1. Reported to two decimal places, what Rg/Rh ratio describes region 3-236 when computed on Cα atoms with Rh from the Kirkwood expression?
2. Net charge around residue 92, counting only other residues with Cβ within less than 15 Å of its Cβ (Lys, Arg = +1; Asp, Glu = -1)?
3. Along the Cα→Cβ direction, 7 angstrom out, place labels at residue 28 and residue 108. What is the inter-label distance in nm?
4. Grab the beta carbon distance between residue 182 and residue 216, set R0 = 41 Å, and tell me the FRET efficiency rounded to 0.05.
5. Return the FRET efficiency for the residue pair residue 58, residue 242: r is the Cβ-Cβ distance, R0 is 45 Å, and the value is rounded to the nearest 0.05.
6. Taking only DSSP H segments of four or more residues, each worth -39500 (n - 2.57), what value at 222 nm results for the chain once the sum is divided by all its residues, to the nearest 500 deg cm²/dmol?
7. Against the longest principal axis of the chain, how steep is helix 180-202, in degrees 0 to 90 to the nearest 10, with axes from Cα atoms?
8. Using θ = phi - 60° and the Karplus curve 6.51 cos²θ - 1.76 cosθ + 1.60, what whole-Hz ³J(HN,Hα) does each residue of region 65-70 get, with Gly and Pro shown as x?
Amino acid sequence: MTLSTVILATILLGFMPPLLWLWFWLKEATHPEPKKEIAIVFSFGMAVVLFAFIIESLFSNFNTSMRGVFLYSQKAFYLFNVFGFAFIEEIAKTGAAYFTVLRTKYFNEPIDAMIYVIAASLGFAALENALFISQSTTVTLTQTMTISSFRFANAILIHASTGAIIGAAFAFSFCNRARRAVELMIALIGATILHAAYNYFILGSGDAANATNQFIATIIVVIGAIFALILFERARRLRIKCL
């Protein structure tokens, strides 16, 4: 592909799918959030991608060193990386929402937390997706679009679903901040397990394994999306007034 085609594909296929998912979640909100705040959270979600990649690289190096000391198997090494990377990315997305909006006056009802963490997660997914698409210079545009379609349905939605799980922790502790740390830890563990399970299957090697693993990964995404929608509905029905 030419440079101009790569740039166009990166913009259209990398950023448009997360923005469409963001539009879907925003229209589900009872009271629309300020567009400026959404844009800020989305942008910070993109910004923490670099931070996550650096920490993941350091974690992988640490894992390699530990394997040299404790001599655990290649599969154990792979599992540590899968869970470690998932946890790092969930922490990064949570931080992007927390340090921008969740400590401000704009977090004034439970459902806000889910909207903002989802926005941060989709910002993260947008840049991650764009970087992935931009590396497709060695394949055809058709192959790039096929890959992007799969990521639209799976990779981006898994980020939104795990973001919804974490956002739910802030939502359900809206009137009881003493429980927020516990709620958030439970949510982070759940989001990490879901994210790691998806990564475990999607990164499988071998053509036959990929076909099977992609199917399993899709099932995981569907389960995560259903769970996220259930949490979203529960948060939307919570009373705003704290007694």
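1. Here Rg/Rh amounts to 0.98.
2. Working: positive: 93; negative: 56, 89, 90, 128.
Summing Lys/Arg as +1 and Asp/Glu as -1 gives -3.
3. In this crude label model, residue 28 to residue 108 measures out at 2.4 nm.
4. On the way: r = 31 Å, r/R0 = 0.76.
With R0 = 41 Å, the Cβ-Cβ based efficiency is 0.85.
5. On the way: r = 41 Å, r/R0 = 0.90.
The formula returns an efficiency of 0.65 here.
6. -27000 deg cm²/dmol
7. Long axis of 180-202 versus the principal axis of the chain: about 30 degrees.
8. For region 65-70, the Karplus-derived couplings read 5, 5, 5, x, 7, 9 Hz, x marking Gly and Pro.
Values quoted throughout were computed directly from the atomic coordinates according to the rules given, and no laboratory measurement underlies them. Quick caveat, the model's predicted, so the values are computed rather than measured. Glycine also receives a Cβ, built like all others from the backbone with ideal geometry; neighbour counts cover every protein chain displayed.
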